[in-house]
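The values are calculated or read from the model by the stated rules, or taken from the named source; none is laboratory data. Keep in mind that this is a model prediction, so the values were computed, not measured. Cβ atoms come from the backbone with ideal geometry, glycine included; neighbour counts cover every protein chain shown.
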Amino acid sequence: MSKKVISDYNGYDYKKDFWENTGREYEDQADRMAIRKLLPKRMEKFADIGGGYGRLANEYLKRAHKVFIFDYSKTELEQAKEIYGDKIETRAGDIYELPFKDNELDGLMMVRVTHHLKNLDKAVAELYRVLKPGGVAVIEVANKRTLPKMARFITGRSKVNPFDKKVANYKNISKDGFYNYHPKFVEDIFDQTGFKTEKVLSVSNFRSKGLKKIFGAENLVKMEESAQQILAPVRFAPSIYYKLRKPEE
Ligand SMILES: C[S@@+](CC[C@H](N)C(=O)[O-])C[C@H]1O[C@@H](n2cnc3c(N)ncnc32)[C@H](O)[C@@H]1O
């Protein structure tokens, strides 16, 4: 197997540098909106996989009795502990070898992580392993088949073919590279792993500096509310959210 990639957020202030005063209120709200629609209302044991500093914790703390935030980065997990204290338990490790027992969790989510994963099939198999039969996984996928990427390819400004099912690896963006996935490729992995797809949402549909300038983030959030469901069948958005269930035995 090719070398696995761990994208190292140790020493990086993801909270401050990526989310605070950076004009990403619309993206943050779009993620939250999707999670509210997809996560079960009541869960016993839940884990936010690659949960970072727990940006999205307010969306699941009320729904789960026991909450884990799992991440590779100690910097992120220390921040999470500072913010949420005893409301969460942090676990450190690598997604490819999750520190949870077989069938331990009845819910999990993994948001804004797939772009760091070279071996998505291995990660999905781990998520499946740690979920109880009947448990739910909400997984966000970085989509390679978006409208802007299609336009860039068709006009010759990018060599990455968004119609090709192969994983796209943008090597020049960071030293580890970033991965974007074709929806069909991802959905085949989910099927082969054994997951049943219960719902799909198209998310961050209006992620564009230009649209933010014209409409303002607040109006884009309003438009996003209906677009997530309506645009789901075409899978053109930068983020595609899946609600998956591990079948009962
Ligand atoms: C873009 S951040 C997303 C954080 C959070 N899910 C959110 O949406 O705010 C990606 C997170 O994935 C973690 N990560 C990336 N690769 C990982 C791996 N192989 N194992 C564990 N965590 C990983 C990083 O440390 C980082 O905290």
(message) Quick test of your reading of the structure: TYR179 fulfils all but one of (1) part of a strand (DSSP E or B); (2) modelled with pLDDT of 95 or more. Name the failing condition by number.
(response) (2)
(message) Within the range 5-23, take every residue that is without any contact (Cβ under 8 Å) to a residue 24 or more places away in the chain and assigned to a helix (DSSP H, G or I) and give me the one that is nearest to LEU120 (Cα to Cα).
(response) PHE18
(message) I'd like to verify a number: residues in the range 102-115 that are assigned to a loop (DSSP other than H, G, I, E, B) and either more than 15 Å from PHE46 (Cβ to Cβ) or within 15 Å of the ligand (Cβ to nearest atom) (or both), how many?
(response) 4
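Yes or no, residue by residue, for (1) over 16 Å from VAL113 (Cα atoms); (2) within 11 Å of the ligand (Cβ to nearest atom); (3) aliphatic (A, V, I, L, M); (4) surrounded by fewer than 19 Cβ atoms within 10 Å (Cβ to Cβ):
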residue: PHE18; (1), (2), (3), (4): no, yes, no, yes
residue: TYR26; (1), (2), (3), (4): yes, no, no, no
residue: ARG32; (1), (2), (3), (4): no, yes, no, yes
residue: LYS37; (1), (2), (3), (4): yes, no, no, yes
residue: ALA47; (1), (2), (3), (4): no, no, yes, no
residue: GLY51; (1), (2), (3), (4): no, yes, no, no
(request) Within the range 67-78, track down each residue that is more than 7 Å from the ligand (Cβ to nearest atom), farther than 15 Å from LEU105 by Cα and of a type outside the set (S, T, N, Q). (result) LYS74, LEU77, GLU78
(request) May I ask you to verify whether PHE190 is under 19 Å from VAL113 (Cβ atoms) and touching a Pro at 6+ places or on another chain (Cβ under 9 Å)? (result) no
(request) Tell me, yes or no, whether the range 6-26 has at least one residue that is of a type in the set (A, V, I, L, M, F, W, C), in contact with a strand residue (DSSP E or B) (Cβ under 7 Å, 6 or more places away or on another chain) and modelled with pLDDT of 95 or more. (result) no
(message) As an exercise: evaluate GLU76 against (1) crowded, with 23+ Cβ neighbours inside 10 Å; (2) more than 10 Å from GLY50 (Cα to Cα) and give the number of the one condition it does not meet.
(response) (2)
(request) Would you point out the residue of the range 53-66, among those that are within 14 Å of the ligand (Cβ to nearest atom) and not hydrophobic (A, V, I, L, M, F, W, C), that is nearest to GLN228 (Cα to Cα)? (result) GLU59
(message) Looking at THR22 and the list (1) more than 8 Å from the ligand (Cβ to nearest atom); (2) within 20 Å of LYS243 (Cβ to Cβ), which single condition is not satisfied?
(response) (2)
(message) I'm checking my understanding of the structure. Among residues of the range 88-99 that are farther than 14 Å from ILE139 by Cα and in contact with a Gly (Cβ under 9 Å, 6 or more places away or on another chain), which one is farthest from the ligand (Cβ to nearest atom)?
(response) ILE88
(message) If I ask for residues that are at pLDDT 95 or above and either within 9 Å of the ligand (Cβ to nearest atom) or of a type in the set (D, E, K, R) (or both), which ones from the range 118-141 would you list?
(response) ASP121, LYS122, ALA123, GLU126, ARG129, LYS132, GLU140
(request) Return the only residue of ILE49, ILE88 being aliphatic (A, V, I, L, M), at pLDDT 95 or above and over 16 Å from the mean Cα position of the chain (by Cα). (result) ILE88
(request) For residues that are touching a residue at least 60 places away in the same chain (Cβ under 8 Å) and assigned to a helix (DSSP H, G or I), scanning just the range 186-208, find the one that is nearest to the chain's Cα centre (by Cα). (result) VAL186
(message) Considering only residues that are modelled with pLDDT under 95 and either farther than 21 Å from GLU25 by Cβ or touching a Pro at 6+ places or on another chain (Cβ under 8 Å) (or both), which ones fall in the range 208-246?
(response) SER208
